[in-house]
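*Asks:* Sending over a structure as structure tokens; questions will come in a sec.
The values are calculated or read from the model by the stated rules, or taken from the named source; none is laboratory data. Here the structure is a predicted model, which is why all the values come from computation and not from measurement. Here Cβ is always computed from backbone atoms with ideal geometry, including for glycine, and neighbour counts include all displayed protein chains. The protein model used for the area step is the full one, side chains on, heavy atoms only, and it has no ligands, DNA or RNA in it. Shrake-Rupley method; radii C 1.70, N 1.55, O 1.52, S 1.80 Å.
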Amino acid sequence: MWLLGASWALALLVTAASPGPSADPLDGASIFADLSAAELRAVRTFLMERPELGLAPSHGGPLAKNSLFLVELLPPPKRAALRFLAKVGRRPRREARAVIFFGAQPEPNITELAVGPLPRPSSYRVLGLKGGQSVPFWARPMTHLEYELLYEALVVALAPLEPLLREATGFGFQNCSKRCLTFSDIAPRGLGPGERRTWLVIQRFVEGFFLHPVGLEVLLDHQDTDPRRWAVQQLWYNGHYFGSVRELAELHAGGTLPLARLPEPPARQLFSSYEPRGQFFTRTPTEVHGAKVCEPQGRRYRLRGNRLEYGGWSLAFRLRSSAGLQLFDVRFGGERVAYEVSLQEAIAFYGGHTPAAMQTKYMDAGWAMGASSYELARGVDCPETATFLDAHHLLDADGPVRFANALCVFELPTGVPLRRHFDSDFQGGFHFYAGLEGRALVLRTTSTVYNYDYIWDFLLYPNGVLETKVHASGYIHATFYTPQGRRYGSRVHSHLLGNLHTHLVHYKVDLDVAGTGNSFETMDIRFENISNPWSAGSR
């Protein structure tokens, strides 16, 4: 995704250290705590100073370079962690997981390293894959540098189409000021191993640009590490395929190309904007506050570093840069019920008539959905009473980046009694009534993976129930409307198709109920036809 000069880390983020809570080294939860800004900086400094790695800064320079892409905590082995938590083993060695792009060597690849011990690293080792396989360089995630180069290559390649784009949309790539075009890229980037070619959806750069495709999609091959060898392979415009930019430009110049003319976007109340507008049919007032969460006698949960305690619950948590929230050492009533409950992956499969739509199969951990945890708004994303926590990530950057208020914790009335009973005397009265208010503690973060905003919750209930929940918000991944597209979605605006798609969210759940040697079974019910023991002849 290219956002016309927007910083990769966005203007909301700063690189200063956070004054937020730090893990208590005497608490067992600290072995699962995310790396601090100082630890992230120490790992990067150590690796940058290793001459055999030959690392260059992440920003700038060529693609064919060795660079540090990601640093995050490498959790300790489970056996060592359990021995330490049981106070029968020593504290596990604290290490970082570092992902390095080795692009400046005869066989470019992606390599993961374990770096430690922290906080003062002095050695590293390779974290190999099963079977000794390596991750090829063409399979790497996108970086800020590659997006910059992709945008520059696209602007040059589409220059002959500027008259077409201006006439049909009123927007362009050349000298566009406030009437510019942008693009969204999709994945996977090809149809087989070794490919790195991406369909780019061209859009008007207005608020909610995800909903403003102009009818042009471009297949750009960027497999080579030299951007001068990148090339447009195909184009799709208004329902038809074209073999080259020149072919499409000549058809337009000759007046034989059916144009997809788009109306001028309004200056205010654009359909894709978040500008409040309209009234409810019932005249429910919108200018006054609705219900709010309050804590009349203060907070009932306790946060100590990355240790969270509430009712019978106690757990450690972290926000993993690559994939998001993880819970460790989850206990209820003092007994461990799970060693780990964590988000692993979010996948979305799309269908459509346009090439970008039919090719889209997003795997959001590959877009670092854990590091897409931007600031939460008090009173909207979380109640005003919530506790907010910062996070630090080192992803495609030359130092740790602080994400302010990336997580929140709050107690929430459920609006439903935890349990209740009205004991009627069946004579218009009752023997007793008893009930317990329903409440839950919520640990929340979000992932804004370009168009989608995922809201991730872990909820702790006082009766021993732990719930995971995800809400999908933001913008739909939409494509340009054509009559043929109706087979694969719904027309949601004049030139817009909401494509059919499926979301799959994957969690890791390592239950340790009654110890680590347990097993998990499912039970099915079947009907049994037997003689009725108290009524002869009945079944």
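*Asks:* Are any of the residues in the stretch 448-455 touching a helix residue (DSSP H, G or I) at 6+ places or on another chain (Cβ under 9 Å), among the aromatic types (Phe, Trp, Tyr) and over 23 Å from residue 353 (Cβ atoms)?
*Replies:* Yes; the residues of the stretch 448-455 include at least one that is touching a helix residue (DSSP H, G or I) at 6+ places or on another chain (Cβ under 9 Å), among the aromatic types (Phe, Trp, Tyr) and over 23 Å from residue 353 (Cβ atoms).
*Asks:* Please find, within the stretch 381-438, the residue that is farthest from residue 313 (Cα to Cα) out of those that are aromatic (Phe, Trp, Tyr) and either in contact with a Cys (Cβ under 8 Å, 6 or more places away or on another chain) or surrounded by fewer than 17 Cβ atoms within 10 Å (Cβ to Cβ) (or both).
*Replies:* My answer is 426.
*Asks:* Could you tell me which residue of the stretch 472-488 is least open to solvent (accessible area, probe 1.4 Å), considering only residues that are out of contact with any Ser or Thr (no Cβ under 8 Å at 6 or more places or on another chain) and part of a strand (DSSP E or B)?
*Replies:* Within the stretch 472-488, the match that is least open to solvent (accessible area, probe 1.4 Å) is 478.
*Asks:* Which one of the conditions (1) assigned to a helix (DSSP H, G or I); (2) closer than 23 Å to residue 362 by Cα does residue 194 fail to meet, given that it meets all the rest?
*Replies:* (1)
Listed here are the residues, each with its yes/no results for (1) more than 30 Å from residue 441 (Cα to Cα); (2) assigned to a loop (DSSP other than H, G, I, E, B).
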{"residue": "252", "(1), (2)": "yes, no"}
{"residue": "259", "(1), (2)": "yes, yes"}
{"residue": "295", "(1), (2)": "no, yes"}
{"residue": "300", "(1), (2)": "no, yes"}
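*Asks:* If I filter the stretch 186-202 down to residues being free of Cβ contacts under 8 Å to residues at least 40 places away in the same chain and basic (Lys, Arg), which single residue comes out as farthest from residue 448 (Cα to Cα)?
*Replies:* 197
*Asks:* Looking at 309, 375 in this structure, which one is open to solvent by 10 Å² or more (accessible area, probe 1.4 Å), free of Cβ contacts under 8 Å to residues at least 24 places away in the same chain and in contact with a strand residue (DSSP E or B) (Cβ under 7 Å, 6 or more places away or on another chain)?
*Replies:* None of the other options fit; the residue is 309.
*Asks:* Determine which member of the set 183, 171, 205 is touching a residue at least 12 places away in the same chain (Cβ under 8 Å) and open to solvent by 50 Å² or more (accessible area, probe 1.4 Å).
*Replies:* So the residue among 183, 171, 205 that is touching a residue at least 12 places away in the same chain (Cβ under 8 Å) and open to solvent by 50 Å² or more (accessible area, probe 1.4 Å) is 205.
*Asks:* Filter the stretch 242-271 for residues that are open to solvent by 60 Å² or more (accessible area, probe 1.4 Å) and within 36 Å of the chain's Cα centre (by Cα) and give the result.
*Replies:* Scanning the stretch 242-271 gives 261, 263, 264, 266, 267, 268, 269, 271.
*Asks:* Among the listed residues 509, 505, 492, 513, identify the single one that is of a type outside the set (D, E, K, R), touching a strand residue (DSSP E or B) at 6+ places or on another chain (Cβ under 8 Å) and open to solvent by 80 Å² or more (accessible area, probe 1.4 Å).
*Replies:* Going through 509, 505, 492, 513 in turn, the sole match is 509.
*Asks:* State all residues of the stretch 63-99 that are among the aromatic types (Phe, Trp, Tyr) and closer than 30 Å to residue 223 by Cα; if no residue qualifies, say none.
*Replies:* If the condition is that a residue be among the aromatic types (Phe, Trp, Tyr) and closer than 30 Å to residue 223 by Cα, then 69 is the only one that fits.
*Asks:* Can you pull out every residue in the stretch 17-41 that is farther than 30 Å from residue 88 by Cβ and either modelled with pLDDT of 70 or more or touching a strand residue (DSSP E or B) at 6+ places or on another chain (Cβ under 6 Å) (or both)?
*Replies:* Hits for the stretch 17-41 are 18, 20, 37, 38, 40, 41.
*Asks:* Tell me, yes or no, whether the stretch 226-234 has at least one residue that is touching a residue at least 12 places away in the same chain (Cβ under 8 Å) and either part of a loop (DSSP other than H, G, I, E, B) or under 28 Å from the mean Cα position of the chain (by Cα) (or both).
*Replies:* yes
*Asks:* Could you tell me whether residue 134 is among the polar types (S, T, N, Q) and within 28 Å of the chain's Cα centre (by Cα)?
*Replies:* yes
*Asks:* Further question: Is it fair to say residue 465 is open to solvent by 60 Å² or more (accessible area, probe 1.4 Å), touching a strand residue (DSSP E or B) at 6+ places or on another chain (Cβ under 7 Å), at pLDDT 95 or above and not assigned by the TED database to the domain that holds residue 201?
*Replies:* For residue 465, the condition - open to solvent by 60 Å² or more (accessible area, probe 1.4 Å), touching a strand residue (DSSP E or B) at 6+ places or on another chain (Cβ under 7 Å), at pLDDT 95 or above and not assigned by the TED database to the domain that holds residue 201 - is not met.
*Asks:* On to the next question. For the stretch 475-498, does any single residue satisfy the condition of being among the β-branched types (Val, Ile, Thr) and in contact with a Phe, Trp or Tyr (Cβ under 6 Å, 6 or more places away or on another chain)?
*Replies:* No: the stretch 475-498 contains no residue that is among the β-branched types (Val, Ile, Thr) and in contact with a Phe, Trp or Tyr (Cβ under 6 Å, 6 or more places away or on another chain).
*Asks:* Out of (1) in the same structural domain as residue 411 (by the TED database); (2) open to solvent by less than 90 Å² (accessible area, probe 1.4 Å), what's the single condition that is false for residue 538?
*Replies:* (1)
*Asks:* I'm trying to understand the selection: among the residues of the stretch 51-86, which are at pLDDT 95 or above and at positive phi?
*Replies:* Result: 54, single match.
*Asks:* Let me ask you something else. So for the stretch 417-434 (the condition being in contact (Cβ under 8 Å) with a residue 24 or more places away in the chain, under 18 Å from the mean Cα position of the chain (by Cα) and farther than 27 Å from residue 186 by Cα), does at least one residue qualify?
*Replies:* Scanning the stretch 417-434, I find no residue that is in contact (Cβ under 8 Å) with a residue 24 or more places away in the chain, under 18 Å from the mean Cα position of the chain (by Cα) and farther than 27 Å from residue 186 by Cα, so the answer is no.
*Asks:* Please note which strands (runs of 3 or more DSSP E) are completely contained in the stretch 48-163 and include at least 2 residues that are open to solvent by less than 30 Å² (accessible area, probe 1.4 Å).
*Replies:* 66-74, 95-102, 109-116
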